[in-house]
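Below is one structure, written out as structure tokens; comments come after it.
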Amino acid sequence: MANKVQGVRGMNDVLPAEAQHWDFFESTVQRWLRAYGYQEIRMPILERTELFVRSIGEVTDIVEKEMYTFTDELNGEQLTLRPEGTASCVRAVIEHNLLYPGPQRLWYRGPMFRHERPQKGRYRQFHQVGVEALGYADPDIETEHILMCARLWRNLGLNGIRLELNSLGSAEGRATYRNRLVAYLEQHVDALDEDAQRRMHSNPLRVLDSKNPALQSLIAAAPRLADDLDDASARAFATLQDSLRAAGVEFSVNPRLVRGLDYYNGTVFEWVTDRLGAQGTVCAGGRYDGLIEQIGGKPAPACGFAMGVERLLALVVDGGAALPAAAADAYIVRQGDAAMVYAETVAEQLRDAGLSVILHCGGGSFKAQMKKADASGARYAVLLGDDEAQAGVLSVKALRVGQEQVRVSISEACEIINIR
């Protein structure tokens, strides 16, 4: 016997029992986004590597360590499986001139890829839902994004997710802060780990994002970016906070929140939980006004966020959310030559009426088929023998409630089964 071919580590199958959770989540998300006027965009999973180097930042963990990159043998291009969705979305907006008519509210979903050490909540293929608002300069769109998230948590029946905010200010303000931060880090260079020492001059804000427990007291005592905020950024951040308070959304300002992608400016935010161990961020985003110009478009403001589907599903399942029943409405049991043919017609007519129907295949005794009908989870069994086939009727037996078995026409059966 040949050896079994295993799946790639960190790239997981979604089995039928789990797929109903995904269906519930995705249908909830689609209704939620429709309520806010966002339109779906679908981008390829493969992009030119240059896109992510220019957008995410060359001195970031994603670009330095985590991207799945290869050379296309046909033309020598460097290509990368997308590690995140914002850059791809912005690339598509620029390429297809979507901002010509005016600002756009867009969303996308799908797999992302990062070569990380797999652990709970962190996989090499993971899925995101991303929301982007392009062409909007005022902080009211940031308020909308946060209120959207708060509503989705309610729709999913989630609690224990808290909101953290910060402002990265303008490029000029960050440059001033960067100089102060580098000077501080140089004073404590012996206390920095290898990664922090490497980034101290090339990308010092990433040091603030370190998860090394040994660096947390040093990071806590570092200069604060808020002290270098320009007036416009400070006003925008204050307006956002006032709007969230007015809407009853609780939050805390985290001065060490910098996000792991270089394209952010202004407001950034994360929704975090303590229920997923080390992988506590379930949704994050912020403003990225310079990105459109950075990858070749006309300057335009933008902001957005992305959420990790696997992490949110873990919370949904852990919270015991009431998921819609995945079982069929009816299971058709058939016995006899005439019934075998008649059952096909019955099944299609029941489906025409909007019912989900499992038609038994593979033969077996009537008793064995009834066991399978019961095990399927279907609400009703439809029993067909040659007598039913000759009369053009069918027998309906309730499997989950105490109703009498009845012999009825196909239209009457549809009415019975349609009563939920």
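Can you name every residue in the stretch 383-420 that is among the hydroxyl-bearing types (Ser, Thr, Tyr) and in contact with a Lys or Arg (Cβ under 8 Å, 6 or more places away or on another chain)?
395
Need a quick list: strands (runs of 3 or more DSSP E) entirely within the stretch 233-347 having at least 1 residues that are of a type in the set (A, V, I, L, M, F, W, C), within 30 Å of residue 382 (Cβ to Cβ) and modelled with pLDDT of 90 or more.
Correct list: 330-334.
Hey, among the residues in the stretch 143-170 that are part of a loop (DSSP other than H, G, I, E, B) and within 17 Å of the chain's Cα centre (by Cα), which one's nearest to residue 32 (Cα to Cα)?
156
I'm checking my understanding of the structure. Among residues of the stretch 151-175 that are buried (at least 17 other Cβ atoms within 10 Å of the Cβ) and out of contact with any Phe, Trp or Tyr (no Cβ under 9 Å at 6 or more places or on another chain), which one is farthest from residue 314 (Cα to Cα)?
Out of the qualifying residues, it is 173.
With the requirement that a residue be outside any helix (DSSP H, G or I), of a type outside the set (A, V, I, L, M, F, W, C) and either touching a His at 6+ places or on another chain (Cβ under 9 Å) or surrounded by fewer than 17 Cβ atoms within 10 Å (Cβ to Cβ) (or both), what does the stretch 204-222 give you?
Correct list: 211, 212.
Can you tell me which condition residue 184 does not meet? The list is (1) closer than 18 Å to residue 245 by Cβ; (2) free of Cβ contacts under 8 Å to residues at least 60 places away in the same chain, and all the others hold.
Failed condition: (1).
Scan the stretch 127-144 and report the pairs whose first residue is assigned by TED's automatic domain parsing to the domain that holds residue 307 and whose second residue is aromatic (Phe, Trp, Tyr), with Cβ atoms within less than 6 Å and a gap of 6+ or a chain change.
Pairs that qualify, where the first residue is assigned by TED's automatic domain parsing to the domain that holds residue 307 and the partner is aromatic (Phe, Trp, Tyr), are 130/108; 131/107; 131/305.
Could you tell me whether any residue of the stretch 406-420 is closer than 24 Å to residue 20 by Cβ and buried (at least 17 other Cβ atoms within 10 Å of the Cβ)?
Yes - at least one qualifying residue is present in the stretch 406-420.
Please work out if residue 130 is at pLDDT 85 or above, touching an Asp or Glu at 6+ places or on another chain (Cβ under 9 Å) and either crowded, with 17+ Cβ neighbours inside 10 Å or of a type outside the set (Val, Ile, Thr) (or both).
Against the criterion (at pLDDT 85 or above, touching an Asp or Glu at 6+ places or on another chain (Cβ under 9 Å) and either crowded, with 17+ Cβ neighbours inside 10 Å or of a type outside the set (Val, Ile, Thr) (or both)), residue 130 qualifies.
Assess whether residue 37 counts as being in a loop (DSSP other than H, G, I, E, B) and more than 25 Å from residue 118 (Cβ to Cβ).
yes
List every residue pair whose Cβ atoms lie under 6 Å apart, where the two residues are 6 or more positions apart in sequence or sit on different chains, the first residue falls within the stretch 278-298 and is in the same structural domain as residue 254 (by TED's automatic domain parsing), and the second residue, located anywhere, is of a type in the set (Lys, Arg).
Taking only residues 6 or more apart or on different chains, the pairs are 279/122; 282/311; 295/54.
I need the full set of residues from the stretch 235-277 which are loosely packed, with under 15 Cβ neighbours inside 10 Å, in contact (Cβ under 8 Å) with a residue 40 or more places away in the chain and aliphatic (A, V, I, L, M), in order please.
247, 253
The values are calculated or read from the model by the stated rules, or taken from the named source; none is laboratory data. Please read these numbers as outputs of a predicted model, since none were measured by experiment. Neighbour counts run over all protein chains shown; Cβ positions are idealised from the backbone, glycine included.
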